[in-house]
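Novice: Pasting a structure here, questions to come.
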Ligand SMILES: [Zn+2]
């Protein structure tokens, strides 16, 4: 009788913090969603900015807003 204590299959939910920065138009591991574009049809699009660009433009991630 083998116990399955496999925790390696857990990937967690650390998907945020990696993606594309729309401000300097490049990949960034610090990119966060800072703006949501509402669209009349279909799902809304999001704009992502990396840490340096957020600091430079004074952008606040959507998730950090009250
Ligand atoms: Zn950037």
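Every number in this text was worked out from the coordinates using simple rules, so none of it is lab data. None of these values were measured; they are calculated from a predicted model. Neighbour counts run over all protein chains shown; Cβ positions are idealised from the backbone, glycine included.
Novice: Can you run down the residue pairs with Cβ atoms below 8 Å, 6 or more apart or on separate chains, where the first is in the stretch 45-66 and under 8 Å from residue 32 (Cβ atoms) and touching a residue at least 40 places away in the same chain (Cβ under 8 Å) and the partner is outside any loop (DSSP other than H, G, I, E, B) and more than 11 Å from the ligand (Cβ to nearest atom)?
Specialist: Going by the 8 Å Cβ cut-off, the qualifying pairs are 63/33.
Novice: Do you know which residues across the stretch 23-35 are assigned to a loop (DSSP other than H, G, I, E, B) and surrounded by 18 or more Cβ atoms within 10 Å (Cβ to Cβ)? Walk me through it before giving the result.
Specialist: Start the filter on the stretch 23-35 by keeping residues that are assigned to a loop (DSSP other than H, G, I, E, B), which leaves 23-25, 29-31.
Those that are assigned to a loop (DSSP other than H, G, I, E, B) and surrounded by 18 or more Cβ atoms within 10 Å (Cβ to Cβ): 23, 31.
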